[in-house]
Every structure is written in C-alpha cells, then in structure tokens.
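The values are calculated or read from the model by the stated rules, or taken from the named source; none is laboratory data. Because the structure is a prediction, the values reported are computed rather than measured. Note that each Cβ is placed from the backbone with ideal geometry, even for glycine, and that neighbours are counted across all protein chains shown. What goes into the accessible areas is simple: the full protein's heavy atoms, side chains included, and nothing from ligands, DNA or RNA. Shrake-Rupley method; radii C 1.70, N 1.55, O 1.52, S 1.80 Å.
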Amino acid sequence: MPAAFSPRVCVIGAGPAGMSCALWLHNLGLEATLVDTEKSPGGAMLLNFLNNNWVLGQRGLSGLEMAARFTEHIESLAIPLLLECRPTRLARDAHGQFQLSLETPQGISSVEADAIVLATGTRFRGREILIGLPGFGQCDPGRLRYGPHCFTRLSMLAGKRLLVIGGGDNALENAALALDAGASVTVVARNQFRAQARFIERLQAAGHCALHADARLTALQPSPGGLLASLEGAAGQWQLEVDRVHLLAGYAPNTAFLDGILAAEIAPPLKDERGYLCGDALGRTSTPGLYVAGDVGNPAFPNVLSALAQGAQVAKTIEFDLNQTRPR
C-alpha cells in the first residue's frame, strides 16, 4: 500500500478478539482504534479467576494475568485505546466513511473509520433468570453467586450445602471444585447434562453430590438455615434447604446495543435466534464494512483461543477488502 493510503479501522470491544484484531491491523499497516465501555481492556478474561491450562504458552496464568499481558502489548505499540466509551450512533457518509459517536467521561466524541469490527463478546446470564421466581426478592444476595463469580472464595464452602444450577462444563466443574472444598452439592439442569463426560462421571461417583437432569427451580425463598429451593423434575416436586446457590446458565451476546445506534443508511447485520452476529468464515457480516470477531459471533466454540484467531483473521480480511477499493 502507498504510504498515503492508511485505512482507519475502529474495533468495538477490547477483549482478546478485539486486541488481537487491533494488533494485526497495526502490523498490516492499517490505523486501528480500540473502543470499549469498560474501565480496563480484557473482556471476559477479567472474570476468569482460575489458572489457565488451555492457551498454549500461557500455562498457570489467570484470565486477569493474560489480559494484562495482552494490554501491555497493545500499549507498547501506541495503538489508541478508548475506554469507558459507549457507542451512541453509527452513521455512514456518501463516501462510505463510518462515523462512530461515543459518550465518554469527558463528553461526546467521535471516530471516523473505513471499516468497523464488532468484537463485543458475551455476558454471563445472571440474576435476570431468577428474578421472577417466588420469594427471590427476599433472599440474601450474599447467598447467591452468578457466572464466573461462582469460582471465587471456594474455600468458604467447606461444610456448606450448595445448589448449582446449570448443565454445562462451567456448572459441573464448579460443582467438582466445591466438592473438593468440602461442600455437599446438588446440581440441577433444565435439560440433559451437556458437560464433558469426565465431569459427569466424577460427580456421579462422588459422595455428597446429587445430579438432577430435566429439572428446574420453581421458587427460592429465605429459610432459618439459609435458602429454601423448590424444585420440579421427572420424579415430581421436592424442596431443598441450602446455604448458597450458584447459577451457571451460560452466556448471551453483547449485541443489543446495535439496535439503537445504527443510522438509517446502515442495514443491521444479521443475527441468529439467540442474538449472535452472523458472519462468514472470514468475519464479513451481511452489512458491507462491518465485520465480526470473537465470541459475539461464535456460539459454537467461545474461548480465548478462537477469539485471538478470529481477530487476526478479520484483520487480514479487512486488509484484503480495503486493498481492493484503495485509490489507484
């Protein structure tokens, strides 16, 4: 590319996908700007409190520690990183340039770009799932944990009765860790358990642990000894008194913000029935100039590794696409 042509790309979301994309855009000679609503970059990694054994070369580091390493890399290259910035409007002029308006702590600001990357990731599903249950409003919030927060202060569970709600890897791994800490555990899944067989088999063989598939929580209320959970399943209805409830009910994509910010000239990118963004294998969405990277478009295999790879792939795709339309 001629030095006079240096396309600008705005990456919304400074998690692993967004930072990887910005890094690759920078190394490919494009001007990248990262935007995030949070005070610190890192995305979902900031809520990963366990030591990692899945990311090659990062063994023993927590998500927080990996996020710090990724951030240091971005900052060392002086890639602009705009934090605590909420997108309020995305428009496009007659020349195809995007204008992203932002609400910042200092006031209203804007970023111009030739392309936009949506790398906003996912959020864990929390109290909104329980809020309609009879008695929930009277429960002690200190006895309830949601999503990644269920993995903190596990040592305090020794001798406690724990109800885990969820049927995936996170739920059953949390149950196993609670057993190791000395808790007695009941796990309830709305459908069949979908976690790894090793988790299921370990819990089935453990004492002080009960697994209930195709069951659901119907009420949750305070009791003299903690919380009284009303449950319903194939075997009928029963009640269980517990000291704490851990809700590990999966994740939802951070895409709702798009519905309120797109100007009339920008067609909304396609979403699936759960709200995840739909893109092709290279990260292109149905809307020209808008790309998707990371967990926000990857419900099948959301994790740090795939996010890093997709961020790099999208950067390369943008370089190719913009190179086809550059001035000649």
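Couple of notes before you dig in:
- Which of Pro7, Ala210, Ala189, positive extreme of dipole for the chain (C-beta unit charges): Ala210
- Here segment 182-287 is treated as a sphere whose radius is the Kirkwood value from Cα pairs; by Stokes-Einstein at 20 °C and 1.002 mPa s it diffuses with a coefficient of 122 µm²/s.
- Charge dipole (Cα centre; +1 on Lys/Arg Cβ, -1 on Asp/Glu Cβ; no other charges) of segment 200-328 amounts to roughly 380 debye.
- 1.4 Å probe accessible area per residue over segment 88-144, in Å²: 52
- Share of carbon and sulfur in the accessible heavy-atom surface of segment 144-224 [1.4 Å probe, %]: 48
- Contact order relative to length of segment 111-245, as percent, for alpha carbon pairs under 8 angstrom and 6 or more apart: 24
- Probe 1.4 Å, all protein chains present, accessible-area order of Glu75, Glu128, largest first: Glu75, Glu128
- Annotation: amide H-H contacts under 5 Å for Ser62 (H modelled 1.01 Å from N, sequence separation of 5 or more, or interchain): Asn52.
- Computed on the chain, with alpha-carbon pairs under 8 angstrom and 6+ residues apart, the relative contact order is 20 percent.
- For Arg153 and Gln324, a Förster radius of 45 Å and the Cβ-Cβ distance give a FRET efficiency of 0.25, rounded to the nearest 0.05.
- Pairwise FRET efficiency - His95 versus Glu241, Cβ, R0 = 51 Å, nearest 0.05: 0.20
- The C-alpha atoms of the chain define a longest principal axis, and helix 169-180 lies at about 50 degrees to it.
- Length gained on full extension, Arg59 to Gln138: 24.2 nm, using 0.36 nm per residue less the C-alpha separation.
- Distance in nm between pseudo-label sites at Asp272 and Ala206 (7 Å out along the Cβ direction from Cα): 3.0
- The chain - charge dipole about Cα centre, Lys and Arg +1 at Cβ, Asp and Glu -1, debye rounded to 20: 520
- Taking 0.36 nm per residue of separation and subtracting the Cα-Cα distance, full extension of the segment from Asn191 to Gln106 would add 25.9 nm.
- For Thr88 and Ala263, the difference between the fully extended length at 0.36 nm per residue and the C-alpha to C-alpha distance is 62.0 nm.
- The chain: most fluctuating residue of Ala67, Ala215, Ala205 per GNM, C-alpha cutoff 10 Å: Ala205
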